[in-house]
Amino acid sequence: MLIFLGRRVLLAVPTLLGVALIVFLLMRAVPGDVVTNLVGLEGNVSTERMAELRRMFGLDLPVHQQFGQWLGAALQGDLGSSLRTGRPVMTDLLLRFPVTLQLTFWSLVIALAIALPLGVIAALHRGRWPDMLASLVALLGLSVPGFFLGILLILAFSLQLRWLPPAGYVPLAEDPLQNLRHMLLPALSLGLILAAATTRIVRSSLLETLHRDYVRTARAKGLREQTVTLRHALRTALIPVVTVVGLQFGQLLGGAVIIEQVFSLPGVGRFALEGINLRDYPVVQGAVLLIALAFVLVNLLVDVTYALIDPRVRYG
Amino acid sequence: MAEVAPAAARQARSEPGRGREVVTRLLRGVGGIGAVLVLVATAAALFAPWVAPYDPLVLAPADRLQGPSASHWLGTDQYGRDTLSRIVFGGRASLAVALASVGFALLVGGVLGALAGYYRGVADAVIMRITDVLLSFPAILLAIALLAFLGGGFVNLVLAIGIVYVGPFARVTRAAVMTVREEQFVEAARALGSRDLRILAGAVLPGAAAPLLVETTLRLAYAILAEASLSFLGLGTQPPAPSWGMMIAEGRRFLALAPWATVAPGLAIVVVVLAFNLLGDGLRDALDPRLRGRGSG
């Protein structure tokens, strides 16, 4: 097991390097170069100032040295400073990351709370109307853009019913109840969509295990059907669900970028979008790097969990 | 040989009747509904100038934010432009971007996947590492980042959405090629001295056709969602050209006053994406009945 863990962690290293390289190259992909681009916005800037800016970005060095320097700094938590505010990007990211994490956490909770029962019901009634209905709802959920669902929720619960605020954020430490009220609609926008995909996985995974030998044995022992389903079949069926939910987490982080914009939540995604509008490249770079890193680490965690919960999986 | 050939190899041969069988099976299920809706949406996009009742760009300040009526079935936006006409033309933009980006991903991913699956070894390792890295970004985030740094426009939009799907297409092709490449008829072709390229094109790729067709249809659904999201953020199709995502972003400011300007384009996205999802699911079931009802997210 330890060998497996070690190998899996080592395997993540080239992926992380690749991710870092792409994020680094993004900055060089700007047509012209970053400095000309920025200066174009400001108007008259002296050649000396431009040279100074190029030095600041390290653009005067060969590319591989630039990457080395940037990576070295990034490893020490230095992602550069915002071109607009001058504040270190890392400081702002750390301030905003908890908001994004809260959003993704509640979305996951909502998704699982809906998908687990719905998927089980669909599998147990395979081919009959509860199954058809669940499958149709799930397919519908896969076809709705999160931002549109969010706006529909605002229309219904904020503008019509006036139950929940349409936008904004209150820190958890300040007022937990208000925090939750502000989180509910954004989390629903992401969670309902994730629930759709997860319901399909729970259903197909449970259908597969229900026909396994050990489930038949459990039934032959005379156990109640409910015990067989929940204790024996569902436990195994949940293993692929963990993997898929882990993969969906990446979608969740990506979706969070847009949902934060819809609900004016001050998370990492909105930070990145603000950076894009202001051409604040280090901010965009830092935010993208942080989200991609989080995604890779969650996938790593999922693989490890997979190995821990499934006794049949043996890694050499 | 015919008795031992598994599903993939059987699909490789275009037996007469098999195509018709697949179509019948597809049309009998909900896939049929998807197919019809996809056809309607495509026709509306192709013939947009004849379908749309108004010019989508003409401003009519006197008619701004009108509710649905006989003259404007889906109302008007804040500039008095006809919502229905803008939806029809917006669909044109969405479908064009989706087709081009998925086509790009199919081509690049398909070639990379075929090379990886056929030659294995170093090529396989390198190609799969690259797709791993691409798949390490949440899809929409990578597209947002690319557009932020490369700038907008049709080509960049297509690339930004397409690059994200290269990985999945490479994986599907690789898996299909690896199954087929060990088949007897491929070995036979190799023994007869056929060139690799010929074997790939003639025997191996047809085996990958069925899973690729399903993947393409489902990715089109994702691509339409991606285009809508990017346009919603202002990174996709640029104004004044209509696009569904942008219409929602603009209409949102008048949500309480004129909900139709937001809800109508949103429903257009849902219907078209649902159509592609139904068609993709239906195709998967029709091409491989053993997978019926399994559905993967």
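Name the single residue, out of those in the stretch B:121-168 being more than 8 Å from chain A (Cβ to nearest Cβ) and out of contact with any helix residue (DSSP H, G or I) (no Cβ under 8 Å at 6 or more places or on another chain), that is surrounded by the most Cβ atoms within 10 Å (Cβ to Cβ).
That would be B:GLY152.
Residues to consider are B:GLY234, B:GLY295, B:GLY251; find the one that is modelled with pLDDT under 90 and crowded, with 24+ Cβ neighbours inside 10 Å.
Just one listed residue meets the conditions, B:GLY251.
For A:LEU26, indicate whether it is within 14 Å of another protein chain (Cβ to nearest Cβ) and either in a helix (DSSP H, G or I) or at pLDDT 80 or above (or both).
In short, yes.
Can we say A:LEU293 is within 11 Å of chain B (Cβ to nearest Cβ), surrounded by fewer than 22 Cβ atoms within 10 Å (Cβ to Cβ) and in contact (Cβ under 8 Å) with a residue 24 or more places away in the chain?
Here the answer is yes, as A:LEU293 does meet what is asked.
When A:GLY222 is evaluated against the numbered criteria (1) farther than 28 Å from A:VAL288 by Cα; (2) part of a helix (DSSP H, G or I), which criterion, by number, is the only one it fails?
The failed condition is (2).
Quick test of your reading of the structure: A:PHE263 fulfils all but one of (1) touching a Leu at 6+ places or on another chain (Cβ under 7 Å); (2) of a type in the set (Phe, Trp, Tyr); (3) within 9 Å of chain B (Cβ to nearest Cβ). Name the failing condition by number.
Evaluating A:PHE263 over (1) touching a Leu at 6+ places or on another chain (Cβ under 7 Å); (2) of a type in the set (Phe, Trp, Tyr); (3) within 9 Å of chain B (Cβ to nearest Cβ) leaves (3) as the failure.
Testing B:ASP196 on (1) crowded, with 17+ Cβ neighbours inside 10 Å; (2) at pLDDT below 90, one condition comes back false. Which one is that?
All conditions pass for B:ASP196, except number (1).
Every residue, every condition in (1) farther than 17 Å from B:ILE269 by Cβ; (2) touching a strand residue (DSSP E or B) at 6+ places or on another chain (Cβ under 7 Å), yes or no:
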| site | (1), (2) |
| --- | --- |
| B:SER71 | yes, no |
| B:GLY75 | yes, no |
| B:ASP82 | yes, yes |
| B:ILE87 | no, no |
| B:VAL108 | yes, no |
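For B:GLY280, are the conditions met, namely being at pLDDT below 85, within 25 Å of A:PHE148 (Cα to Cα) and among the small types (Gly, Ala, Ser)?
Working: at pLDDT below 85: no; within 25 Å of A:PHE148 (Cα to Cα): yes; among the small types (Gly, Ala, Ser): yes.
So B:GLY280 does not fit the description; no.
Go through the stretch A:255-268 residue by residue and tally those that are more than 19 Å from A:PHE24 (Cα to Cα) and either surrounded by fewer than 24 Cβ atoms within 10 Å (Cβ to Cβ) or out of contact with any Gly (no Cβ under 8 Å at 6 or more places or on another chain) (or both).
Residues in the stretch A:255-268 being more than 19 Å from A:PHE24 (Cα to Cα) and either surrounded by fewer than 24 Cβ atoms within 10 Å (Cβ to Cβ) or out of contact with any Gly (no Cβ under 8 Å at 6 or more places or on another chain) (or both): 5 in total.
Quick check on this structure: which one of A:ARG212, A:ARG181 is farther than 17 Å from A:THR243 by Cα, out of contact with any Leu (no Cβ under 9 Å at 6 or more places or on another chain) and surrounded by 14 or more Cβ atoms within 10 Å (Cβ to Cβ)?
Every option except A:ARG212 fails the conditions.
What residue, of B:LEU283, B:LEU230, B:LEU267, is assigned to a helix (DSSP H, G or I) and either without any contact (Cβ under 8 Å) to a residue 40 or more places away in the chain or at the interface with chain A (Cβ under 7 Å from one of its Cβ atoms) (or both)?
Going through B:LEU283, B:LEU230, B:LEU267 in turn, just one is assigned to a helix (DSSP H, G or I) and either without any contact (Cβ under 8 Å) to a residue 40 or more places away in the chain or at the interface with chain A (Cβ under 7 Å from one of its Cβ atoms) (or both): B:LEU267.
Is it the case that the stretch A:154-163 has a residue that's facing chain B (nearest Cβ under 9 Å) and within 21 Å of B:ALA268 (Cα to Cα)?
Yes: the stretch A:154-163 contains one or more residues that are facing chain B (nearest Cβ under 9 Å) and within 21 Å of B:ALA268 (Cα to Cα).
Of all residues in the stretch A:167-210, which are aliphatic (A, V, I, L, M), assigned to a helix (DSSP H, G or I) and within 14 Å of chain B (Cβ to nearest Cβ)?
Within the stretch A:167-210, A:LEU185, A:LEU190, A:LEU192, A:ILE193, A:LEU194, A:ALA195, A:ALA196, A:ALA197, A:ILE201, A:VAL202, A:LEU206, A:LEU207 meet the criteria.
Could you check how many residues of the stretch A:112-143 are within 12 Å of chain B (Cβ to nearest Cβ) and either surrounded by 22 or more Cβ atoms within 10 Å (Cβ to Cβ) or assigned to a helix (DSSP H, G or I) (or both)?
Qualifying residue count, the stretch A:112-143: 16.
Identify the single condition in (1) surrounded by fewer than 19 Cβ atoms within 10 Å (Cβ to Cβ); (2) within 14 Å of another protein chain (Cβ to nearest Cβ) that A:PHE271 does not satisfy, given that it satisfies every other one.
It fails just one condition, (1).
If only one of B:ALA70, B:ALA114 is buried (at least 18 other Cβ atoms within 10 Å of the Cβ) and at negative phi, which one is it?
Going through B:ALA70, B:ALA114 in turn, the sole match is B:ALA114.
The values are calculated or read from the model by the stated rules, or taken from the named source; none is laboratory data. What you see is a predicted model, and the numbers here were worked out from it, not measured in a lab. Methodologically, a virtual Cβ is constructed for each residue, glycine included, from the backbone with ideal geometry; neighbour enumeration extends over all protein chains shown.
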